[in-house]
1. Taking the Cα centroid of region 11-60 and of region 72-133, what is the distance between the two, rounded to the nearest whole Å?
2. Give me the net charge for the shell around L163: Cβ to Cβ below 11 angstrom, other residues only, Lys and Arg +1, Asp and Glu -1.
3. What is the angle, in °, between the Cα long axis of helix 16-36 and the longest principal axis of the Cα atoms in the chain? Nearest 10 is fine, range 0 to 90.
4. Lysines within cross-link reach of K157: Cα-Cα under 16 Å, excluding same-chain residues under 8 positions apart?
5. Among F94, G54, L106, whose Cα sits farthest toward the positive end of the charge dipole of region 49-116 (+1 at Cβ of Lys/Arg, -1 at Cβ of Asp/Glu, about the Cα centre)?
6. Once you keep just the Cα pairs under 8 angstrom separated by 6 or more residues, what percentage relative contact order results for the chain?
7. Please give the contour-minus-distance gain from W193 to K208: 0.36 nm per residue of separation, less the Cα-Cα distance, rounded to one decimal in nm.
8. Considering the dipole of the chain built from charges on the beta carbon (Lys and Arg +1, Asp and Glu -1) around the Cα centre, which of N38, P152, S210 is farthest to its positive end?
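The values are calculated or read from the model by the stated rules, or taken from the named source; none is laboratory data. Because the structure is a prediction, the values reported are computed rather than measured. Methodologically, a virtual Cβ is constructed for each residue, glycine included, from the backbone with ideal geometry; neighbour enumeration extends over all protein chains shown. SASA here: full protein model, heavy atoms, side chains in, ligands and nucleic acids out. Shrake-Rupley method; radii C 1.70, N 1.55, O 1.52, S 1.80 Å.
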Amino acid sequence: MSVIWMIAVKLDNYSIVDIIWGLTFILTTIVVLLYTKNYNVVSITLAALVFIWGMRLSIYLFTRNAGKPEDYRYQDMRKKWGTKVKQTAFVRVFMLQGTVSLLFSLGIFLGISKSDTILSIWPVYIGVVVWIIGFLFESIGDSQLRTFIQKPANKGKVITTGLWKYTRHPNYFGEATQWFGISIIACAVPFGWISFISPLLLTFFLLKISGVPLLEKKNSQKPGYAEYAAKTSVFVPMPQKN
């Protein structure tokens, strides 16, 4: 994150931290695998799922943001932090995200480091199914949103079709679900249940701090969003209210 901060300062664009987010988990996974040398069904499954999630997210964000101005969140940050934006961003954006990444990686740490003792294989099967459900929600939701935004006729409008008919944030729901799947897999090893702290924290962050609140505030200015919000679940997919 220190290196990425230096690159961001050079490019004068702090948005690149979002692209790196998924890659930090991949790096953590590689380090834990190499350090423990535990190569088995639990560790390899965890590594594969984290790699797929991290790469898809980083590639998606890179292609979405390439050639565009800095994200509005970081532009607002510049206005608020003024002349000390570089130093403040280093601590409150880059170092904070690095720390949070490690906290969210409990499933990786426990699942891989303790996998020399596998208590049961069933958590692996269940966790993979849960992870796949989450992956589909996140990837399909992102794809549907991107297709919607690319049509000029939809500028300023609210997407209400596809997965977005059942939840206002299918991509965030999918991300949280994937990490619950990771923690379920970690339950195949001793003390793996402790890793549920990670998806619970992630869900809290998404619902209360960094994800849903910011987008809800932004989308509330769009025409028709209040009506859409009144009948559509904010997070967990549900049938629309009449």
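1. 10 Å
2. Details: positive: K165, R168; negative: E138, D142.
Here the charged neighbours net out to 0.
3. 0 degrees
4. Candidates past the 8-residue exclusion: K165, K217, K218, K222.
5. F94
6. On the way: 312 pairs, mean separation 53.2, N = 242.
Over the chain, the number comes to 22 percent.
7. Going from the current span to full extension adds 3.0 nm.
8. The Cα lying farthest towards the positive end belongs to P152.
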